[in-house]
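Remarks on the structure that follows.
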Amino acid sequence: MALGDGLPLAGGPLRFARVEVIERGGARRIVAAESLDDEVLAPLTRSRPGVAGLPTDRTGVMGILNVTPDSFSDGGRHAAPAVAVSAAQAMAAAGADIIDVGAESTRPGAAAVDLATERARLAAILPGLAGLNWSIDTRKATVMGDAIDTGAALVNDVSALGHDPAALALVAARGSPVVLMHAQGDPATMQAAPAYDDALLDVYEWLAARIDTCVAAGIDRGRIIADPGIGFGKGLDHNLALLRGLTLFHGLGVPLLLGASRKQLIARLAGGVAPGDRLPGSLALALHAAACGVQIVRVHDVPETVQALAVWRAAA
């Protein structure tokens, strides 16, 4: 990838002239991009539509705001409504393009939260988000509806609208943009023994099929964002395969989101550092995502990520 000659990657500033062709059971090979059929090349090159106020000319930053007692990195930090609203405002002021608000932890081993509890956690803070660009991180259709009614610009569902039977129809009816994330298993058990034939191709094909299902249900393809789901039912080798093959997901023809901030894979690679000490690794992954043309990175450390991306763009 480069900012020079070649074809535009997803209509953005990065360009490419060669493509690695990957087939199950076959050897990988490098070919000239222009030798590909239009059917294959078009999703890789066409511009992505603007979704939920997110930028189309650079990698956008989604700030994480958990109003939970048990999230893996910041659980309990934003339990007080005033603290949560102040944190959202600070992230926006620091350059976050959107703030992702969640009231149910989906960390590995997390127990499900009942609907009443999740709604109560959110009810106290949603009015305070007026004037901000924010999304709702939930698996429940009722919570999605509450958030959309209160101004959420985007639904971010780690189950890709598969957990709640009513979610698919609700998002289609409301016309809300949505992030479809791949996960293998439920948060409570997903890290017990994740297994894939080929993690990169399995996740890609699952997301392609899920996008088709959502389009068939009435969700406009131009409102869909795909997320490979780093850490959700995946071991270290699976996560690394996804990160190394990240550009493959542009073949889905939709904007991409990567959420790897402070995740366990950083500790596995960098000597067991605690979540609060994983900023350097998180920035490395954000810059890797940007270098792969990913449209959105979901992060805990907004000012640091905004700064790193700005310097990377200027130096590229």
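The values are calculated or read from the model by the stated rules, or taken from the named source; none is laboratory data. It should be emphasised that the depicted structure is a prediction, and the values quoted were computed from it without experimental measurement. Cβ sites come from the backbone with ideal geometry, for glycine too, and all protein chains shown count toward neighbours.
Mind checking which residues of the range 189-244 are of a type in the set (Ser, Thr, Tyr) and either within 17 Å of residue 258 (Cβ to Cβ) or touching a helix residue (DSSP H, G or I) at 6+ places or on another chain (Cβ under 7 Å) (or both)?
Going through the range 189-244, the residues of a type in the set (Ser, Thr, Tyr) turn out to be 189, 196, 204, 213.
Listed by number, the residues that qualify are 196, 204.
For the range 117-174, what are the residues that are under 19 Å from the mean Cα position of the chain (by Cα) and basic (Lys, Arg)?
Those that are under 19 Å from the mean Cα position of the chain (by Cα) and basic (Lys, Arg): 139, 140.
Just to check your reading of the model, which residue among 248, 257 is of a type outside the set (Val, Ile, Thr) and not in a helix (DSSP H, G or I)? Steps first, answer last, please.
Numbers: 248 fails: not in a helix (DSSP H, G or I).
So the residue among 248, 257 that is of a type outside the set (Val, Ile, Thr) and not in a helix (DSSP H, G or I) is 257.
So is residue 209 in the same structural domain as residue 142 (by TED's automatic domain parsing) and either without any contact (Cβ under 8 Å) to a residue 24 or more places away in the chain or crowded, with 22+ Cβ neighbours inside 10 Å (or both) or not?
yes
Each row is one residue, and each column tells you yes or no for (1) closer than 30 Å to residue 248 by Cα; (2) at pLDDT below 95; (3) of a type in the set (S, T, N, Q).
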site	(1), (2), (3)
26	yes, yes, no
57	yes, yes, no
74	no, yes, no
79	no, yes, no
105	yes, yes, yes
117	no, yes, yes
121	no, yes, no
133	yes, no, yes
141	no, no, no
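Residue by residue through the range 148-175, note down the ones that are surrounded by fewer than 24 Cβ atoms within 10 Å (Cβ to Cβ) and touching a residue at least 40 places away in the same chain (Cβ under 8 Å). Steps first, answer last, please.
Going residue by residue through the range 148-175, those that are surrounded by fewer than 24 Cβ atoms within 10 Å (Cβ to Cβ) are 148-151, 153, 158-159, 162-166, 168-170, 172-175.
Scanning the range 148-175 gives 153, 158, 162, 168, 169, 172, 173, 175.
Among the residues of the range 196-227, count how many are on the phi > 0 side of the Ramachandran plot and of a type in the set (Lys, Arg).
So in the range 196-227, the residues on the phi > 0 side of the Ramachandran plot come out as 218.
Then drop every residue that is not of a type in the set (Lys, Arg), which leaves none.
So the count comes out to 0.
Restricting attention to the range 246-283, which residues are at positive phi and in contact with a helix residue (DSSP H, G or I) (Cβ under 9 Å, 6 or more places away or on another chain)? Walk me through it before giving the result.
Taking the range 246-283 first, the residues at positive phi are 253, 262, 271-272.
Passing the criteria: 253, 262.
Restricting attention to strands (runs of 3 or more DSSP E) lying wholly within the range 17-126, give those where 1 or more residues are among the charged types (D, E, K, R). Step through it out loud before you land on a result.
Values: elements: 18-21, 29-32, 60-66, 98-102.
Fully inside the range 17-126 and qualifying: 18-21, 29-32, 98-102.
Output the number of the condition that residue 93 fails; it satisfies all remaining conditions of (1) touching a residue at least 40 places away in the same chain (Cβ under 8 Å); (2) over 27 Å from residue 186 (Cβ atoms); (3) not acidic (Asp, Glu).
Of everything listed in (1) touching a residue at least 40 places away in the same chain (Cβ under 8 Å); (2) over 27 Å from residue 186 (Cβ atoms); (3) not acidic (Asp, Glu), residue 93 misses just condition (1).
Which one is surrounded by the most Cβ atoms within 10 Å (Cβ to Cβ), of the residues in the range 252-306 that are among the charged types (D, E, K, R) and closer than 20 Å to residue 108 by Cα? Even if it seems obvious, please write down each step before you answer.
The initial filter retains those residues of the range 252-306 that are among the charged types (D, E, K, R), namely 262-263, 268, 277-278, 298, 301, 304.
Subsequent filtering for residues that are closer than 20 Å to residue 108 by Cα retains 262-263, 268, 277-278, 298.
On the way: 262: 24, 263: 22, 268: 15, 277: 14, 278: 24, 298: 26.
Checking each candidate, the answer is 298.
Does residue 195 count as in a loop (DSSP other than H, G, I, E, B) and without any contact (Cβ under 8 Å) to a residue 60 or more places away in the chain? Let's see the steps before the verdict.
Working: in a loop (DSSP other than H, G, I, E, B): yes; without any contact (Cβ under 8 Å) to a residue 60 or more places away in the chain: yes.
The answer is yes for residue 195.
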